[in-house]
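Throughout, read-outs are computed from the coordinates displayed, never taken from laboratory work. Keep in mind that this is a model prediction, so the values were computed, not measured. When we count neighbours, we look across all protein chains shown, and the Cβ atoms used for this are built from the backbone with ideal geometry, even at glycine.
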2 protein chains.
Amino acid sequence: MSRPESSFVTDRATLVRRLKMILPAHCLLVEDEDLRPYECDGLTAYRAMPLAVCLPESEGQVIDVLRTCHQLGVPVVARGAGTGLSGGAMPHAEGVVLSLARFNKILRVDRDSRTAAVQPGVRNLAVSEAAAPYGLYYAPDPSSQIACTIGGNVAENSGGVHCLKYGLTVHNVLRLRVVSIEGEIFEIGGGAPDAPGYDLLALLIGSEGLLGVVTEVTVKLVPKPELAQVVMASFHDVARAGDAVAAIIAAGIIPAGLEMMDKAAAAAVEPFVKAGYDLDAAAILLCESDGTPEEVAEEISRVMAVLTASGAHDLRVSQSEAERLRFWAGRKAAFPAVGRITPDYYCMDGTIPRKRLAEMLAAIAAMEQKYGLRCANVFHAGDGNLHPLIMYDASLPGEWERAEAFGADILELSVALGGSITGEHGVGIEKINQMCVQYATPELEAFHRVKAAFDEKRLLNPEKAVPSLHRCAEYGRMRVHRGELKFPELERF
Amino acid sequence: MSRPESSFVTDRATLVRRLKMILPAHCLLVEDEDLRPYECDGLTAYRAMPLAVCLPESEGQVIDVLRTCHQLGVPVVARGAGTGLSGGAMPHAEGVVLSLARFNKILRVDRDSRTAAVQPGVRNLAVSEAAAPYGLYYAPDPSSQIACTIGGNVAENSGGVHCLKYGLTVHNVLRLRVVSIEGEIFEIGGGAPDAPGYDLLALLIGSEGLLGVVTEVTVKLVPKPELAQVVMASFHDVARAGDAVAAIIAAGIIPAGLEMMDKAAAAAVEPFVKAGYDLDAAAILLCESDGTPEEVAEEISRVMAVLTASGAHDLRVSQSEAERLRFWAGRKAAFPAVGRITPDYYCMDGTIPRKRLAEMLAAIAAMEQKYGLRCANVFHAGDGNLHPLIMYDASLPGEWERAEAFGADILELSVALGGSITGEHGVGIEKINQMCVQYATPELEAFHRVKAAFDEKRLLNPEKAVPSLHRCAEYGRMRVHRGELKFPELERF
């Protein structure tokens with residue numbers, strides 16, 4: 001695997017001595033065996049050992065750690081639960097991991113204003129659990145919601161199966177309290193629909209830990225719908241399923257969720273969760289409706305009409321909450337299920353315009369032949385967000401390299417089709433090269449100037465998310481800008 | 001009125017000579033009588049004469065103008081239709097106005113992807129007109145939508161009566177093409193739900209012309225709902241009307257519009273538009289529902305139940321599209337209607353938490369006594385966005401100063417109640433002092449660093465939107481930070 005260039009050289013002894021001055025012993029890890037669990041996040045193919053892991057318990061300690069690192073010129077990688085899939089929390093070999101794991105308190109749940117203030121280390125699902133007594137919940141629901149933290153969600157601007165209707169993290173966070181690399185606190189956002197001044201809230205959300213360290217998050221809560229039902233539709237033909245997705249949106253319906261699985265994904269999942277998926281179908285579509293019973297009944301009947309007209313050969317509607325959860329269970333467990341049938345898998349995260357779904361699937365099938373690897377496909381179809389799961393065996397020489405090249409092809413084709421290299425998992429270390437395909441020099445320069453406005457020494461999560469122009473020049477020699485020449489055959493897809 | 005400090009000294013002869021080299025004669029105004037129409041925008045109380053007005057016809061000319069001004073160190077104020085209400089397009093006395101009026105082409109309307117690419121000088125309503133043949137429209141609908149331009153909407157992050165359900169400009173713009181002050185083009189955003197890299201799209205939207213000049217805007221289009229109906233409710237008591245707004249939202253209903261008018265506003269409007277408003281009511285609420293006929297019928301019945309339970313004494317539902325438009329006509333014409341009954345009015349734009357509406361109205365009534373001026377109130381109630389219209393006569397000595405102080409009191413009370421100084425009109429020149437109340441030094445410093453990342457010489461719309469720390473220090477000597485001491489009696493409201 002490729003490793004980023006690095007310009008940092010840290011005197012470890014000095015660093016550790018200084019950290020010991022500001023953190024009690026139980027808040028600082030420096031021994032190899034203690035550091036090992038932090039060497040990667042959910043993207044296990046990329047690893048590095050940090051020099052130290054800090055586990056601050058107070059905002060004052062966060063400030064002290066950041067000031068110390070700023071003074072010494074030491075890289076800092078903030079970390080939530082480490083469930084990220086793009087290597088955003090992978091340590092820097094010359095740096096410190098700043099774990100927010102102990103910032104795990106729910107500070108307030110306000111029923112009237114429908115907001116909750118939480119620390120960044122609070123798990124996504126715990127917010128909804130705390131809001132449940134008031135009939136409220138936190139809408140963004142990444143598949144990892146049992147484990148992933150709100151701080152990580154903010155860093156990656158996480159989505160989930162319900163983000164088509166309820167929005168991404170950026171649409172559900174109202175306010176952030178942030179510590180800069182220089183140890184200064186600033187608060188951004190507010191209760192108003194449009195806070196005055198530049199929209200630093202949106203700028204910080206999804207910035208992958210490169211602009212500041214969040215110590216408090218105020219989120220919007222939404223009322224739990226009275227009812228939710230799922231339609232499960234089977235298609236003999238993947239292209240028709242893709243067209244059905246476009247047709248639902250074109251009919252003016254905004255489902256609470258609109259997800260798709262191909263045959264390989266359904267086959268992997270069914271023995272694992274027994275959701276009752278149609279294993280003969282080329283594609284399965286799950287379409288959720290929520291609201292009052294009347295609203296749901298009306299929307300479900302419209303959805304079924306569109307699906308039937310689009311060529312679905314089998315339609316089932318969940319008849320109970322248990323059945324609805326079972327329908328979803330398969331989709332939510334797709335990653336671990338694929339993990340059971342292959343030693344390793346590599347999850348991609350491209351987006352494409354909805355109407356090009358069928359082309360993309362045909363191209364992925366061709367890539368399976370080219371690279372000699374299988375790929376199962378699950379999609380947040382309503383958003384055009386693909387999660388191809390490329391199956392490989394890391395113990396076989398050359399397989400990881402083939403999987404990585406397969407993934408790069410998918411991402412670059414996503415850009416060529418008018419989409420992007422990441423829908424919700426972030427760029428991290430994984431897609432840093434593909435950023436050179438996504439953007440031209442002026443946009444990358446604008447990103448670097450914004451970075452410098454917050455972190456002039458580039459200490460916060462360096463070598464992630466935004467590639468240097470030098471790196472892109474190198475990468476451009478291997479591959480080609482904006483995918484034009486990489487896919488000369490694009491018209492035939 | 002107060003005027004901002006200025007540090008620019010421009011050699012007008014050199015500037016004009018240079019501009020004549022890059023613009024044909026019909027694209028450059030330099031004579032006093034030609035400049036006069038540009039001396040203010042919709043905030044007519046603040047005026048300045050620019051040194052020149054440029055009316056470029058091509059992106060190349062925009063680049064040339066910006067490069068020239070950058071080289072000479074001359075301030076540039078971009079301008080759309082000049083309908084803004086916070087003085088954002090007020091010229092700089094040592095600078096150039098860059099009018100985008102001739103960038104008035106609709107470049108593409110794409111029915112399949114439901115997007116339109118337009119130049120910034122296209123009028124808001126013209127986008128919906130161009131999309132109408134496809135059953136689509138552009139959702140954000142500021143009251144000035146007949147005249148205001150998309151470029152101005154982007155600069156101010158405009159809303160409108162439908163933004164409660166359909167979002168502000170930032171939620172409806174997918175992509176921007178921007179020219180930097182150095183004349184470099186960059187493109188931000190894209191079709192994907194979450195473009196990789198920092199969210200520069202959200203950063204630019206609402207940045208009030210301080211970060212770049214937009215030359216192309218790609219907007220999202222939405223399907224026209226089959227049906228829309230409005231419920232008009234009368235209340236004997238303003239506090240009950242405020243509580244009804246909170247109750248509708250609390251019931252999980254997101255109306256397509258939720259607006260409120262007080263007695264003074266209704267009295268001003270009714271003779272003008274003959275909307276059939278109840279002139280005995282202390283407050284009138286308009287609540288719109290849109291969707292399929294079934295959805296609308298169900299939502300309207302829920303809305304009426306909530307309104308009745310909240311104490312509405314009269315309820316009417318629009319029975320035709322003509323009646324619906326008539327109900328809205330009064331709300332949309334509130335500003336000109338108030339303009340008919342007073343020589344001048346000063347429109348404020350604070351936001352407050354919905355549940356504090358009644359307190360705010362009681363406080364405004366007290367301020368009317370204090371300043372000896374009348375105030376009519378219209379609200380985007382669903383968003384907690386107030387538009388108090390303070391009536392005064394500029395020809396009477398001291399009246400404008402009293403109106404301005406009245407407005408400052410409203411804005412600072414908005415902050416003290418947990419809201420903000422602007423919901424949708426922007427800060428501009430008008431609310432620059434109140435930004436010192438809204439934000440503390442670290443946030444203002446972050447704004448200035450972001451500004452410097454895009455415009456190091458501070459030439460784009462200088463002395464607007466973000467106050468200097470020096471200005472805030474001065475203002476703080478007169479008034480008090482975050483409103484704490486300004487409203488010691490706050491608890492009693």
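How many partner chain Cβ atoms sit within 10 Å of a residue's Cβ in peptide A:199-211, on average, as a whole number?
On the way: counts 12, 7, 3, 9, 8, 3, 4, 7, 3, 3, 0, 1, 2.
Average neighbour count from other chains, rounded to a whole number: 5.
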Calculated Rg and Dmax of segment B:227-333 using C-alpha coordinates, Å = 12.7, 36
task = Report the Stokes-Einstein translational diffusion coefficient (µm² s⁻¹, integer) for segment B:84-183, Rh taken as the Kirkwood radius over Cα pairs, at 10 °C with viscosity 1.306 mPa s.
result = 110 µm²/s
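Can you give me the Rg/Rh ratio for segment B:297-420, using Cα atoms for both radii and the Kirkwood formula for Rh?
Working: Rg = 16.8 Å, Rh = 16.2 Å.
Rounded to two decimals, Rg/Rh equals 1.04.
Add +1 for every Lys or Arg and -1 for every Asp or Glu among the other residues with Cβ under 9 Å from the Cβ of A:Thr342, and state the total. Please list the in-between numbers first.
On the way: positive: A:Arg340, A:Arg374; negative: A:Asp344, A:Asp393.
Charge balance in the 9 Å sphere: 0.
Let me confirm one metric for peptide B:420-429, namely the mean number of other chain beta-carbon atoms within 10 Å of its residues' beta-carbons. Please report the intermediate quantities before stating the final value.
Details: counts 8, 4, 5, 5, 3, 2, 2, 2, 0, 0.
Across B:420-429, the average partner-chain Cβ count within 10 Å equals 3.
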key: Karplus 3J(HN,Hα) series, Hz, for segment B:458-468 with 6.51 cos²θ - 1.76 cosθ + 1.60 (x for Gly, Pro)   = 6, 8, 7, 6, x, 6, 10, 6, 10, x, 6
ask   = Which Cβ of chain A lies nearest the axis of the rotation superposing A onto B, and at what whole-Å distance?
value = A:Ala202, 2
key: Local net charge near A:Ser395, Cβ-Cβ under 14 Å (Lys/Arg +1, Asp/Glu -1)   = -3
Residues with amide H under 5 Å from that of A:His387, placed H, sequence gap 5 or more = A:Val378, A:Phe379, A:His380
key: Cβ neighbours within 10 Å from other chains - mean over B:243-254   = 2
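Can you order the peptides A:88-100, A:268-280, A:311-323, A:225-237 by their average number of other Cβ atoms within 10 Å per residue, highest first?
The packing order, highest mean first, is A:88-100, A:225-237, A:268-280, A:311-323.
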inquiry  = Suppose we keep just the alpha-carbon trace of the protein assembly as shown; what are its Rg and Dmax in angstrom?
reply    = 28.2, 87
request  = Please give every one of the lysines within straight-line cross-link reach of A:Lys431, meaning a C-alpha to C-alpha distance under 19 Å, and leave out same-chain neighbours fewer than 8 residues apart.
outcome  = A:Lys451, A:Lys464, A:Lys486
task = Take the alpha-carbon centre of segment A:60-84, take the same for segment A:246-262, and report the distance between them in whole Å.
result = 41 Å
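Tell me whether segment A:342-492 comes out rounded, prolate or oblate; compute the Cα gyration tensor, take square roots of the eigenvalues as a ≥ b ≥ c, and use a/c under 1.5 as the rounded threshold. Please report the intermediate quantities before stating the final value.
Details: a/c = 1.75, a/b = 1.47, b/c = 1.19.
Prolate, since a/c reaches 1.5 and a/b exceeds b/c.
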key: Inter-copy label distances at B:Glu184 (7 Å, Cα→Cβ; nm, one decimal)   = 2.4
remark   = Going fewest to most other Cβ atoms within 10 Å around each Cβ, B:Arg108, B:Arg67 line up as B:Arg108, B:Arg67
message = Tell me the mean residue ellipticity at 222 nm calculated for the protein assembly as shown from its helices only (DSSP H runs of n ≥ 4, each -39500 (n - 2.57), averaged over every residue, nearest 500).
response = -10500 deg cm²/dmol
note = Once phi for every residue in segment A:437-443 is put through the Karplus expression 6.51 cos²θ - 1.76 cosθ + 1.60 (θ = phi - 60°), the whole-Hz ³J(HN,Hα) values, with Gly and Pro written as x, are 7, 5, 10, 8, 4, x, 5
ask   = On a 0 to 90 degree scale, rounded to 10, what angle separates helix A:399-416 from the longest Cα axis of chain A?
value = 70 degrees
inquiry  = Taking B:Arg374 in one copy and the same position in all the others, each labelled 7 Å out along Cα→Cβ, what are the pairwise distances from the first, in nm, shortest first?
reply    = 7.9
ask   = Going down the table (A:Lys274/B:Lys165; B:Lys332/B:Lys355; B:Lys220/B:Lys263; A:Lys165/B:Lys105), which pairs top 27 Å between alpha carbons?
value = A:Lys274/B:Lys165; B:Lys220/B:Lys263; A:Lys165/B:Lys105
ask   = Which ³J(HN,Hα) values in Hz, rounded to whole numbers, follow from the phi angles of segment A:223-235 under the Karplus curve 6.51 cos²θ - 1.76 cosθ + 1.60, where θ = phi - 60° and Gly and Pro get x?
value = x, 5, x, 4, 9, 9, 9, 10, 9, 10, 10, 9, 10
request  = Taking the Cβ of B:Gly423 as the centre, find all other residues whose Cβ is under 9 Å away and add up their charges (Lys, Arg: +1; Asp, Glu: -1).
outcome  = -4
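Among DSSP beta bridges whose residues both lie in segment B:12-99, state the antiparallel percentage, nearest 5. Walk me through the intermediate numbers first.
Details: 2 of 9 bridges.
Around 20 percent antiparallel, to the nearest 5.
Going by how many other Cβ atoms sit within 10 Å of their own, how do A:Asp32, A:Asp64 line up, fewest first? Write out the running numbers ahead of the final one.
On the way: A:Asp32 8, A:Asp64 19.
Ordered from fewest to most neighbouring Cβ atoms within 10 Å, A:Asp32, A:Asp64 come out as A:Asp32, A:Asp64.
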For A:Lys457, label point 7 Å along C-beta direction: distances to other copies, nm = 3.2
key: Overall dimensions of chain B by Cα: Rg and Dmax, Å   = 22.6, 69
query = Given the Cα atoms of segment A:1-102, and with Rh set as the inverse mean 1/r over their pairs in the Kirkwood sense, what is Rg to Rh to two decimals?
reply = 0.94
